[in-house]
1. What angle, in degrees between 0 and 90 and rounded to the nearest 10, separates the Cα long axis of helix 62-72 from the longest principal axis of the Cα atoms of the chain?
2. Neighbouring Cβ atoms within 10 Å as the yardstick, rank S51, S150 fewest first.
3. State to the nearest 20 debye the size of the charge dipole of segment 1-110 about its Cα centre, where the only charges are +1 on K and R beta carbons and -1 on D and E beta carbons.
4. Could you size up the charge dipole of segment 7-72 around its Cα centre, putting +1 on the beta carbon of Lys and Arg and -1 on that of Asp and Glu, and report it in debye to the nearest 20?
5. Dividing the convex hull volume of the Cα atoms of the chain by its residue count, what figure in Å³ per residue is obtained?
6. If you take every DSSP beta bridge whose two residues both sit in the chain, what share of them, in percent to the nearest 5, is antiparallel?
7. Express the Stokes-Einstein translational diffusion coefficient of segment 94-166 in µm² s⁻¹, to the nearest whole number, given a Kirkwood radius over alpha-carbon pairs, 37 °C and a viscosity of 0.692 mPa s.
8. Name the residue farthest towards the positive end of the dipole of segment 7-72 from the options H28, Y53, L65, assuming +1 on Cβ of Lys and Arg, -1 on Cβ of Asp and Glu, about the Cα centre.
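Readers should treat all values here as calculations from the given coordinates under stated rules, not as data from a laboratory. Model, not experiment: these values are computed from the prediction. In this analysis, Cβ positions are derived from the backbone assuming ideal geometry, glycine residues included, and neighbour counts consider all displayed protein chains.
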Amino acid sequence: MLPEMTEAEFALFVQYFTRKVGITIPEHKRAGFGRKVAGRMEGLGFSSYVSYYRFMKSQEGADELDFLVNHVTIDMSRFFRGERQLAHFGDSVVPELASKLRGTRKLRVWSAGCARGQEPYTVAMILAERAREVFTWDFKILATDIDSDSLSAAAAGLYGPETAGEVPPELLDRYFSRPRNAGNKPYRIRAILRNRVSFRKLNLLETPYPIRGPFSVILCRNVMIYFDTATRKIIVSEFHRLLADGGFLLLGSTESLFGVDDRFILSGQAIYRKAPGR
Ligand SMILES: C[S@@+](CC[C@H](N)C(=O)[O-])C[C@H]1O[C@@H](n2cnc3c(N)ncnc32)[C@H](O)[C@@H]1O
């Protein structure tokens, strides 16, 4: 068994993580993080944290950062997270978009930091319920995350029994199937929604993003909490570049653009709008 990771060893990993992926790991997570790293090291035959750290930074160990990111990032999410915000989105934003875009019949949405797909599929359900016509349009949701394990799970669209407590019963019937012998993942998002969402790996710290806009809606909820203000400024200015004039940016309920970017107008419930001409 490896000894517990020391403060100095932890600091090495944290600095590297912060620089490469923007994620900071608080001190109280040191023991848990150390155990995850130790598990990995044992599998690879390393006996000291520093030698593993050096390997991770070398060309040969280039995949290690990915591996650790996939195992330490907090990928917690759920369907219909941020209920009040989503109600406002369904009541005001969706009808406005539906009438504004009826001419071009094109709608692009981006869920940045989509975890296991609950967020983009929730948005797809809201659109299906509140503006079914968009499903006859050129309508696509791009969903990105840095965590490739989350992305594969999201693309498979399989979810556990907790889903029944997150999704209203009528929507559960309408938008989820119950495959036979599904084991611990009894619910599957139906193809009508799955077909609209494409999942791609994207690190929000690597700008400019290789993505084509403009989007009418960008969601980046409960992701930027991990980043410092300077990083948030860079990310939000990319969102600004990729949003259509008057487009909407949805943040997590505890997040704001105050001190980050003043080219947006708050329209309530952590929903911001790109001010025209700014
Ligand atoms: C707490 S989850 C939020 C999921 C969803 N947006 C929600 O609100 O429920 C945070 C997500 O951000 C992703 N993430 C963290 N750092 C990232 C980065 N540098 N680039 C892209 N995604 C990142 C994590 O992998 C994780 O899936």
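1. 70 degrees
2. Ranking S51, S150 by Cβ neighbours within 10 Å, fewest first, gives S51, S150.
3. 700 debye
4. Dipole about the Cα centre, nearest 20: 140 debye.
5. 147 Å³
6. So the antiparallel bridges in the chain amount to around 35 percent.
7. Here the translational diffusion coefficient equals 246 µm²/s.
8. Projecting each Cα onto the dipole axis, the largest value belongs to H28.
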